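A short worksheet on the structure shown next.
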Amino acid sequence: MIDRPPNNIMYIDLNSCFATIEQQSRPMLRGRPVGISNRITPNACVIAASYEAKAHGVKVGMRRAEAEMLCPDIVFVETEPDKYIFVHQKLRAIMEDYSPIVVMKSIDEGVLDLNQSPAHIRQRPHAELAQEIKDRLRTEIGCWMRCNIGVASNRFLAKTAAELHKPDGFDEITATNQRQIFASLKLMDLPGINTRMQARLNAVGIFTPLQLLDADEETLVKMVCHSIDGSKWYKRLRGLEVDDWVSDIKSIGRQYVLEGKHLTKDDIYARIMHLSEDVGYRLRSKERYARGVYVWAYTYDGLYLHRAHLGKTAFNTDQDITQIARQLFADFPAPLQIIGITLYKIQTAPDAQLSFNQTAIDAQENLCLAADTINLRFGSRTIHYADSCGTDHVKTKIPFGSTRYLDHSIT
């Protein structure tokens, strides 16, 4: 018999985050169907939708034209990353008032570990804490903000609870009510169960969450996952924590869809510089260095082009990244439709052996750090290289699954 930990994990999920933030900041959009897109073009893709739009069948991933057919009154809004990062940081700050252990799972989701909270927090009813957090969202961010909150003994079950009654719900999964709740769900209602995992489960006769809960550990290890992941699923379903780990940074990348075939080589180089500044900032914000640069592009004919450079010495300056990237891009035939840059072979420290031109390297690093400091204080791209002038429209796509770079303002 596995001893289940106490129900002290709280999962907080902002409802329709980007769309709700736009409705909060623009009162005329409240109560109206809203679609969020990185660019307002005919082929724009819906990356978020308000509940009013979802009620008409609008879904994430739809093209703008398809969404407008389903919902003619939908209002499309271009993303404004600084708004979403601000709300993310406010949410984190609120959560940190309740526990020293806060893990942001995405820009609009976070885990609150109450096991390490002060006694006066732990002694309060979970429903009371949840309502207080909801009230603080409305008073400290805005009256239109809503969230779902779930409580359980581990992150998996707490997230499951947070998904039960959207919007603005609160649910708690305990050892007592778990079977009843699971009886009302489908396999793909559980976090981490996708179509591929569902097919594996179906192949061994598991078609419902209750059947999954009742499956023995050996079946999950040997017949479903074919690895130790089966043991993790067995423990996860029984309220044990197996997801409290943080992956290391293996690569840092950016991509951008170019505006059209009319762009010159210099226009493309300006956008390459912008992407280089972005990945360079991200690299430095985590006090990391890279040894490799990988560039890629798609042509309008669907041809995938790629080249890579792996050096012997590590670097972290925009100048180094841009110089390497431009050399790699030089042989790519125009016109290009999409371009991308990825830094790899990430390391936590510079090379131990000093270079002959170490003075120049130090000067470049100091210049970049000074620019980062100014941009953090006065806004992104307050200072940038002249080569990237006229590229302020090259906005960062907001990451849904990582918050590594959201402690600072970047666009």
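For the stretch 251-388, the Stokes-Einstein estimate of translational diffusion at 10 °C and a viscosity of 1.306 mPa s comes to 102 µm²/s, using the Kirkwood hydrodynamic radius over alpha-carbon pairs. Taking every DSSP helix (H) stretch of at least 4 residues in the chain, weighting each as -39,500 (n - 2.57) and dividing the sum by the residue count yields a mean residue ellipticity at 222 nm of -10500 deg cm²/dmol.
With Cα atoms as the point set, the radius of gyration and Dmax of the chain evaluate to 23.8, 69 Å.
Ordered by the number of other Cβ atoms lying within 10 Å of each residue's own Cβ, fewest first, ILE193, ILE149 fall into the sequence ILE193, ILE149. With a cut-off of at most 14 other beta carbons within 10 Å, and DSSP calling the residue loop, which chymotrypsin sites (Phe, Trp or Tyr not before Pro) in the stretch 236-293 qualify? Please list them. Answer in residue order: TRP245. Remark: HIS393, HIS274 ranked as HIS393, HIS274, counting other beta-carbon atoms within 10 Å and listing the fewest first. One Cα centroid belongs to the stretch 7-46, the other to the stretch 104-134; the line between them spans 24 Å.
Quick note: the coordinates plus some simple rules give every number you see, no bench work behind them. Predicted model, so just to flag it, every value in this text is computed and none were measured. We place every Cβ from the backbone using ideal geometry, glycine too, and count neighbours over all the protein chains shown.
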